[in-house]
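The values are calculated or read from the model by the stated rules, or taken from the named source; none is laboratory data. All values reported here derive from a predicted model rather than from experimental measurement. Counting neighbours? That spans all protein chains shown, and the Cβs are built from the backbone with ideal geometry, glycine included. In case anyone asks, the SASA skips ligands and DNA or RNA and just uses the protein heavy atoms, side chains included. Shrake-Rupley method; radii C 1.70, N 1.55, O 1.52, S 1.80 Å.
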Amino acid sequence: TQNAMWGGRFADGPDAIMEAINASISFDQRLYAQDIAGSRAHAAMLAAQGIISDKDAKAIREGLLTVLSEIETGNFAFSTALEDIHMNVEARLKEIIGEPAGRLHTARSRNDQVATDFRLWVRDRCDEAVGKLSALCMALVGQAEAGADWVMPGFTHLQTAQPVTWGHHMLAYVEMFSRDIGRFTDARKRMNECPLGAAALAGTSFPIDRFATAAALGFDRPAANSLDAVSDRDFALEFLAAAAITAMHLSRFAEELVIWSSAQFRFVALSDRFSTGSSIMPQKKNPDAAELIRAKVGRIMGANVGLMMVMKGLPLTYSKDMQEDKEQVFDAADNLMLALAAMEGMVRDMSANRANLEKAASSGFSTATDLADWLVRALGLPFRDAHHITGSLVAMAEKKGCDLPDLNLAEMQSAHAGITDEVYSVLGVHNSVASRQSFGGTAPDQVRARIADWKARLA
Ligand code: ARG
């Protein structure tokens, strides 16, 4: 049978395989609410411009609400023969209201229709990502506040470097996730131009009001070039890029949680609610949620690369290749939102082990830099010399199997005669972190000031 939408110039219907490769309804039905909102705005504008009658517009707009509720209550039969969400909705509208349904598509094409629908959908996901990232940041700020002055080892190369505070470490992730908020906010701003009314590619000869439909759908303005409007998918790519960077941040934090929750570290205990057990090893409590979050970056970055590859060689304007934009974005968005929610839950539930953090902070000669700095301050040595002297003391302590503060004064003085017992005051981990008062440093005072900043910003 001929296609109801464009069968006029066809003698034969599509092969079953053609239908299978062509149809997108299995996934683009997720755009139903955006599609109906776009059509309702379009119909209202057509009537306001005198292009269709008020009566027809009213029938169309009310009929679309019926379709909406049918879909939302699960009483809608999606048809593969009708290809996509746009034709499924319009065909059902025709069943409900009859002839006026055929006037809805005046001055419009599926090309501007799908570009509008998809933009609306991605715009919502930007808002959702911002909301979830903010909640995650609040959870991290809560952790930071609870342990603003708890001491833990700071690492470089995953080797003990210098003592830092738990609060400082938590706030490092708040910085990262807040940049992600910035990226989604920024992308949203740029994507907020309305393609509707670009029609197939060239615009339309009907006296439409694109500013009215843009405003009705919450866009800042209509997209200014009809060719670009129907062929652009930058908004999806920017969303995916922001999502991929966010997922990378989540993955780094997840990796730390996996390490920290191990028996060898025991920096944190994850809650039962966000852990799993083993079917064979009764003692096990596994950080599966963290591991899965760590993995999500793969498919999200994959979606970003995948869509880039779809778009990279396409001539202007619309090509059917672009139907391949949706599944990857849907999958990436679903998994990003899930990972953000899981991470927020894990962070809220986890308890840091203050004693283990502090014990680890004191090992590995973590205050060697404080000793070197003291030699510079107290004895006026050049830093390079102080570094060398401290290195020899670290070697001495390592040989003795003790920590730096365990060396006695005579041993200290064997490295430099000028050392006095004042040196011991800088060797404790609490003294060490308290001294890092430079802006953005790890001192508890600094951390508390940043916590206050974040609370104000996130409120
Ligand atoms: N299902 C199509 C898509 O996702 C809608 C646009 C179809 N336009 C066309 N000219 N065939 O891209």
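Taking the numbered list (1) basic (Lys, Arg); (2) crowded, with 17+ Cβ neighbours inside 10 Å; (3) assigned to a helix (DSSP H, G or I) in turn, Lys94 passes all entries but (2). Scanning the stretch 255-287 for residues that are in a helix (DSSP H, G or I) and at pLDDT below 95, we see that the one that is nearest to the chain's Cα centre (by Cα) is Phe274. For the structure I just gave you, tell me whether Glu145 is free of Cβ contacts under 8 Å to residues at least 24 places away in the same chain, open to solvent by 50 Å² or more (accessible area, probe 1.4 Å), farther than 30 Å from Ala229 by Cβ and in a helix (DSSP H, G or I). Against the criterion (free of Cβ contacts under 8 Å to residues at least 24 places away in the same chain, open to solvent by 50 Å² or more (accessible area, probe 1.4 Å), farther than 30 Å from Ala229 by Cβ and in a helix (DSSP H, G or I)), Glu145 does not qualify. Of the candidates Ala91, Ala107, Ala81, the single residue that is at positive phi and within 16 Å of the ligand (Cβ to nearest atom) is Ala107. Considering each residue of the stretch 101-117 in turn, at least one proves to be under 37 Å from the mean Cα position of the chain (by Cα) and without any contact (Cβ under 8 Å) to a residue 24 or more places away in the chain.
Among the residues making up the stretch 154-176, those that are closer than 30 Å to Asp234 by Cβ and buried (at least 21 other Cβ atoms within 10 Å of the Cβ) are Tyr173, Val174. Taken over the stretch 410-459, the criterion of being among the aliphatic types (A, V, I, L, M) and in contact with a strand residue (DSSP E or B) (Cβ under 6 Å, 6 or more places away or on another chain) is satisfied by Val429, Val433, Val447. Total residues in the stretch 310-338 satisfying the condition of being open to solvent by less than 30 Å² (accessible area, probe 1.4 Å), within 14 Å of the ligand (Cβ to nearest atom), under 18 Å from the mean Cα position of the chain (by Cα) and not aromatic (Phe, Trp, Tyr): the figure is 2. Per this entry, Gly345 is not counted among residues that are among the small types (Gly, Ala, Ser), surrounded by 15 or more Cβ atoms within 10 Å (Cβ to Cβ) and within 16 Å of the ligand (Cβ to nearest atom). Comparison of Leu307, Leu292 shows that the only residue that is in a helix (DSSP H, G or I), among the hydrophobic types (A, V, I, L, M, F, W, C) and within 16 Å of the ligand (Cβ to nearest atom) is Leu307.
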